[in-house]
Amino acid sequence: NAGVTQTPKFQVLKTGQSMTLQCAQDMNHEYMSWYRQDPGMGLRLIHYSVGAGITDQGEVPNGYNVSRSTTEDFPLRLLSAAPSQTSVYFCASSQRDRGSFFGQGTRLTVV
Amino acid sequence: DQQVKQNSPSLSVQEGRISILNCDYTNSMFDYFLWYKKYPAEGPTFLISISSIKDKNEDGRFTVFLNKSAKHLSLHIVPSQPGDSAVYFCAASGRGAQKLVFGQGTRLTINP
């Protein structure tokens, strides 16, 4: 039982490049979400999903896209990377009214 | 506008004593409150939660208290152990707990 798996763990992008951060969970959780954590700040919600085929925006959605075609996977796409997107990204999954399980994070640097 | 605030960036406690971490919120629509613990280079780990219909929830050494009138919650750790040294985040959400709003975190250090 792997829990929530994020890949890659580290990534360096050039400004303007695009990429996809992968997230998979094997707990059959209905809820999945993406957060970013910047220095001195708590985690901020980017996008979330309450089930396959259903996604919605969080607090800081600009510059990111998501889709959820299966219960297990919830990839996060950066459309055109900017230095302001340098951050640590966490994927999480949960059931309703339960604490979220988080992945180990992806440390992204945009130069 | 910070809806969830942890006003103490750091806290130092002696091993065996009680650690008390505090959190304030402004949104009266929050229905569910959670505490997470985070070690460096790892994702947050869920510790304990409380719904707005309760004022206390206990799980082993961890107890969370909710004061709705003051819009304040706290996490008590008794007794504190060296492995408790980490950053602690409080979080709040509406019903369902799928959209979490986090505080900035408090770094707890347990001294031997």
3 or more residues within 11 Å of another protein chain (Cβ to nearest Cβ): qualifying strands (runs of 3 or more DSSP E) within segment B:65-112:
B:86-93
Could you pull out every one of the strands (runs of 3 or more DSSP E) wholly within segment A:4-57 that has 2 or more residues that are more than 12 Å from every other protein chain (Cβ to nearest Cβ)?
A:10-13, A:19-25
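When you scan segment B:27-40, do you find a residue that is on the phi > 0 side of the Ramachandran plot and either in contact (Cβ under 8 Å) with a residue 24 or more places away in the chain or within 13 Å of the chain's Cα centre (by Cα) (or both), even just one?
no
Can you tell me which residue within segment B:59-112, out of those that are of a type in the set (Lys, Arg) and within 22 Å of A:HIS29 (Cβ to Cβ), is surrounded by the most Cβ atoms within 10 Å (Cβ to Cβ)? Spell out how you get there, then give the answer.
So the first thing to find is which residues in segment B:59-112 are of a type in the set (Lys, Arg), and the list is B:61, B:68, B:71, B:95, B:99, B:107.
Retained after the next criterion (residues that are within 22 Å of A:HIS29 (Cβ to Cβ)): B:95, B:99.
Working: B:ARG95: 14, B:LYS99: 18.
Out of the qualifying residues, it is B:LYS99.
Can you confirm whether A:LEU78 is crowded, with 17+ Cβ neighbours inside 10 Å, closer than 22 Å to A:PHE10 by Cβ and touching a residue at least 12 places away in the same chain (Cβ under 8 Å)?
Values: crowded, with 17+ Cβ neighbours inside 10 Å: yes; closer than 22 Å to A:PHE10 by Cβ: yes; touching a residue at least 12 places away in the same chain (Cβ under 8 Å): yes.
Here the answer is yes, as A:LEU78 does meet what is asked.
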Residue satisfying all of: in segment B:4-26; free of Cβ contacts under 8 Å to residues at least 60 places away in the same chain and in a loop (DSSP other than H, G, I, E, B); surrounded by the fewest Cβ atoms within 10 Å (Cβ to Cβ) among these
B:ASN7
From the list A:SER18, A:SER67, A:SER33, A:SER49, which one is surrounded by 13 or more Cβ atoms within 10 Å (Cβ to Cβ) and touching a residue at least 60 places away in the same chain (Cβ under 8 Å)?
A:SER33
Is one or more of the residues making up segment A:1-13 of a type in the set (Ser, Thr, Tyr) and crowded, with 19+ Cβ neighbours inside 10 Å?
no
Scan segment B:42-59 for residues that are farther than 14 Å from A:LEU43 by Cα, touching a strand residue (DSSP E or B) at 6+ places or on another chain (Cβ under 9 Å) and part of a loop (DSSP other than H, G, I, E, B) and report the count.
3
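May I ask you to list the residues in segment B:27-41 that are outside any strand (DSSP E or B) and either touching a Pro at 6+ places or on another chain (Cβ under 7 Å) or polar (S, T, N, Q) (or both)? Explain how you work it out, then say what you get.
So in segment B:27-41, the residues outside any strand (DSSP E or B) come out as B:27-31, B:39-41.
Residues satisfying the conditions are B:ASN27, B:SER28.
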Reported set for segment B:27-55 where residues are within 11 Å of chain A (Cβ to nearest Cβ), small (Gly, Ala, Ser) and surrounded by 15 or more Cβ atoms within 10 Å (Cβ to Cβ) is B:GLY43, B:SER49
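Taken together, the values in this text are just the output of simple stated rules run on the coordinates, not laboratory data. Everything numeric in this text was worked out from a predicted model, so none of it was measured. Reconstructed Cβ throughout: ideal geometry from the backbone, glycine too, with neighbour counts over all protein chains shown.
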